[in-house]
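Read the figures in this text as sums done on the coordinates, not as results from a lab. A quick note: this is a predicted structure, and the numbers were derived from the prediction, not measured. No Cβ is skipped: glycine too gets one built from the backbone with ideal geometry, and neighbour counts run over all protein chains shown.
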Amino acid sequence: MKFTVEHRPVFTLIAGSGRLNMVGAPQLREVVAKVVDGGSNRVVVDLGGVEFMDSSGLGALVGCLKMARQAGGDLRITGAGDQVRVVLELTGMSRILTPYTSAEDAFSDA
């Protein structure tokens, strides 16, 4: 997996590309931990470039959500493709990790 990090006024955007599986999941955790440790507790993870996500990737997203919330913020996702949406819906995680249509919409209430 490859990740890019962009700091914006209201949130930090992390865009991933590749497969969010047992190889990519620890990488996502590391990137989010660095962002949160750096003081950005509002995080948007753009999954538009993620071609595949399995339970390891889902677990990483949940762990990253917990990290952000423990820092007083939140983690939201955007750009979820069909396969990622199916994983979220089948597991019931779409209620907790609600996919937003854009990064700007994710924290429009902030």
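Structure summary
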item	result
DSSP beta bridges in the chain [antiparallel fraction, %, rounded to 5]	30 percent
Cα-based Rg and Dmax for region 2-104, where Dmax is the largest Cα-Cα distance (Å)	12.1, 34
Point-charge dipole on Cβ atoms (K/R +1, D/E -1) for the chain, about Cα centre, debye to 20	260 debye
Amide H contacts under 5 Å for residue 76, placed H, 5+ residues apart	43, 44, 45
Dipole of region 2-104, positive direction: furthest Cα of 12, 24, 71, with charges on the beta-carbon	71
Calculated FRET value between residue 85 and residue 34, using beta carbons and R₀ = 22 Å, to 0.05	0.20
Note, ³J(HN,Hα) from phi for region 89-96, Karplus 6.51, -1.76, 1.60, rounded to Hz, x at Gly and Pro	6, 5, 8, x, 6, 5, 6, 9
